[in-house]
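First up is the structure itself, then whatever we jot down about it.
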There are 2 protein chains.
Amino acid sequence: MTAVDRADHRPASPPLTERQEARRRRILNASAQLAARGGFDAVQMREVAEAAGVALGTLYRYFPSKIHLLVATMQDQLQHMHTTLRKRPPAGADPAQRVAETLMRAFRALQREPQLADAMVRALTFADRSVSPEVDTVSRLTTAIILDAMGAEHPTPGQLSAVRVIEHTWHSALITWLSGRASIAQVKIDIETVCRLIDLTAPEASEARA
Amino acid sequence: MTAVDRADHRPASPPLTERQEARRRRILNASAQLAARGGFDAVQMREVAEAAGVALGTLYRYFPSKIHLLVATMQDQLQHMHTTLRKRPPAGADPAQRVAETLMRAFRALQREPQLADAMVRALTFADRSVSPEVDTVSRLTTAIILDAMGAEHPTPGQLSAVRVIEHTWHSALITWLSGRASIAQVKIDIETVCRLIDLTAPEASEARA
DNA sequence: CTCAAGTCTGTAACTTGTTCTAGATTAGCG
DNA sequence: CGCTAATCTAGAACAAGTTACAGACTTGAG
């Protein structure tokens, strides 16, 4: 997980001064707050700038587009969630159960701020190539969370593929729920369904399972 | 499949005249052509209107937003694909194999027009509640294609969940590839991985499998 | 402390999705 | 044919993301 740890904060290109760090934080907070209130559309760059007390140009210097801003916001929120989850690891005996439990816990957290979730997830899937590095960071964070729940220290390629599929399902199911096309019950079932892949790809699946 | 058949063309609220049908078609073609050239950003409403030879206001009367337009474009393209696929059904013995083959065939079709694929898929996942009915139609079409490949006439709830998970994976993997964050090989592996769920949820999985 | 380089501010301008309006055209009906 | 309602056109206007720029402020080197 060293790669993730290093991405825990900025790639440290130019080390930000204290005031810059503070500005960045104010911007991210403003973004999350506006998003929580009115979703993607409510995060208007002029308003974010004003709420954060910076000029519009400065906002763009920190985050080169609205999408970058929202993806960074998601990074931020995911980090919180990761730390929270680590404090209370899932209890299930089965890796599949633990992952499903973890994801449903995350899901319930997002349910509390559906508008914020909407803004972040929409930004994530709408992101084009210019945001790839940032989206990748989010993806690595999510992977780390899932692998943590699985308890897989040295995942096999098969497991990694399963984790990717789980991530795909997770994002897409979230979107489907957020746009009102699926119920929470359906999301739960689908998460449980996809988590079955974990047993299927466990390294000892063919031997120790019997 | 009656529901899908009925959606084969417009929900027939007011039956369009011939000239209106022609306008609609010109608009969809213009949209697909612009998208194929430059992706999501190249589909600019003024340009679509001009290329289709209609006024901007008319374009908006037919498709109330750019997202609606692109989702309708996707509907259109999917319909083509469905008919094409029906002519040459996948050959595998296993339902899982057939679905994977079908999806990879669709994938290769999209590869030929990556920009068009980008525009359509981005629109699809970016769509908000106001586009739900249209997105749902696309989803039903996709489901029909997958069920066709499975050969499942009367899918169980478990199978339906598996199909949903496959769809999630399909969209999300497509996005990941389109934004350059995953290779084609990876997409292939992930599609094959998720298709394993089909065996897992087959009605006779617990009995006839032995 | 002083100065140059880099940042930040405030503001205007530009782009593209969307809405609105007034007048021309078309479609269907008697 | 002649009329009326619906539709279409051209073009202006508005909204929000993005860019540009001139001048003020900070920062770090000497």
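Here are the numbers for this structure:
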{"quantity": "Given (1) within 16 Å of DNA strand D (Cβ to nearest atom); (2) in a helix (DSSP H, G or I); (3) open to solvent by 40 Å² or more (accessible area, probe 1.4 Å), number of the condition B:Ser31 does not satisfy", "calculated": "(3)"}
{"quantity": "Where A:Leu56 falls short, out of the listed (1) farther than 24 Å from B:Ala127 by Cα; (2) crowded, with 20+ Cβ neighbours inside 10 Å", "calculated": "(2)"}
{"quantity": "Total residues in segment B:185-195, condition at the interface with another protein chain (Cβ under 9 Å from one of its Cβ atoms), among the charged types (D, E, K, R) and surrounded by fewer than 20 Cβ atoms within 10 Å (Cβ to Cβ)", "calculated": "1"}
{"quantity": "Residues of segment B:22-53 that turn out to be more than 21 Å from B:Thr125 (Cα to Cα) and under 22 Å from the mean Cα position of the chain (by Cα), as a count", "calculated": "7"}
{"quantity": "Subset of segment B:34-47 [within 13 Å of DNA strand D (Cβ to nearest atom) and open to solvent by less than 50 Å² (accessible area, probe 1.4 Å)]", "calculated": "B:Phe40, B:Met45"}
{"quantity": "Condition met for A:Ala93 (more than 14 Å from chain B (Cβ to nearest Cβ) and hydrophobic (A, V, I, L, M, F, W, C))", "calculated": "yes"}
{"quantity": "Test result for B:Val71, under 15 Å from the mean Cα position of the chain (by Cα), more than 16 Å from DNA strand C (Cβ to nearest atom) and either modelled with pLDDT under 95 or closer than 21 Å to B:Ala42 by Cβ (or both)", "calculated": "no"}
{"quantity": "Subset of segment B:133-151 that is open to solvent by 50 Å² or more (accessible area, probe 1.4 Å) and within 14 Å of chain A (Cβ to nearest Cβ) - its residue that is farthest from B:Leu85 (Cα to Cα)", "calculated": "B:Pro133"}
{"quantity": "Some residue of segment A:37-45 being away from DNA strand C (no atom under 16 Å from the Cβ) and not hydrophobic (A, V, I, L, M, F, W, C)", "calculated": "yes"}
{"quantity": "Index of the failed condition, A:Gly92 passing every other in (1) part of a helix (DSSP H, G or I); (2) more than 16 Å from DNA strand C (Cβ to nearest atom); (3) touching an Asp or Glu at 6+ places or on another chain (Cβ under 8 Å); (4) open to solvent by less than 60 Å² (accessible area, probe 1.4 Å)", "calculated": "(1)"}
{"quantity": "Which listed residue is more than 23 Å from A:Thr176 (Cα to Cα) and hydrophobic (A, V, I, L, M, F, W, C), from A:Ala49, A:Ala109", "calculated": "A:Ala49"}
{"quantity": "Qualifying positions in segment B:113-163 - more than 30 Å from A:Ala42 (Cα to Cα) and of a type in the set (Val, Ile, Thr)", "calculated": "B:Thr142, B:Thr143, B:Ile145, B:Ile146, B:Thr156, B:Val163"}
{"quantity": "Top-ranked residue of segment A:48-70 - restricted to ones that are more than 14 Å from chain B (Cβ to nearest Cβ) and within 7 Å of DNA strand D (Cβ to nearest atom), ranked as nearest to A:Asp128 (Cα to Cα)", "calculated": "A:Pro64"}
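Per-residue answers, yes or no, for (1) under 18 Å from B:Asp190 (Cβ atoms); (2) away from DNA strand D (no atom under 16 Å from the Cβ); (3) more than 9 Å from every other protein chain (Cβ to nearest Cβ); (4) touching a Cys at 6+ places or on another chain (Cβ under 9 Å):
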| residue | (1), (2), (3), (4) |
| --- | --- |
| A:Thr73 | no, no, yes, no |
| A:Asp76 | no, yes, yes, no |
| A:Ala109 | no, yes, yes, no |
| A:Val131 | no, no, no, no |
| A:Glu153 | no, yes, yes, no |
| A:Ser161 | yes, yes, no, no |
| A:Trp170 | yes, yes, no, no |
| A:Trp177 | no, yes, yes, no |
| A:Ser183 | no, yes, yes, no |
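The values are calculated or read from the model by the stated rules, or taken from the named source; none is laboratory data. Predicted model, so just to flag it, every value in this text is computed and none were measured. Quick reminder, even Gly has a Cβ in these numbers, built from the backbone with ideal geometry, and neighbours come from all protein chains shown. Ligands, DNA and RNA are excluded from the accessible area calculation, which covers all protein heavy atoms including side chains. Shrake-Rupley method; radii C 1.70, N 1.55, O 1.52, S 1.80 Å.
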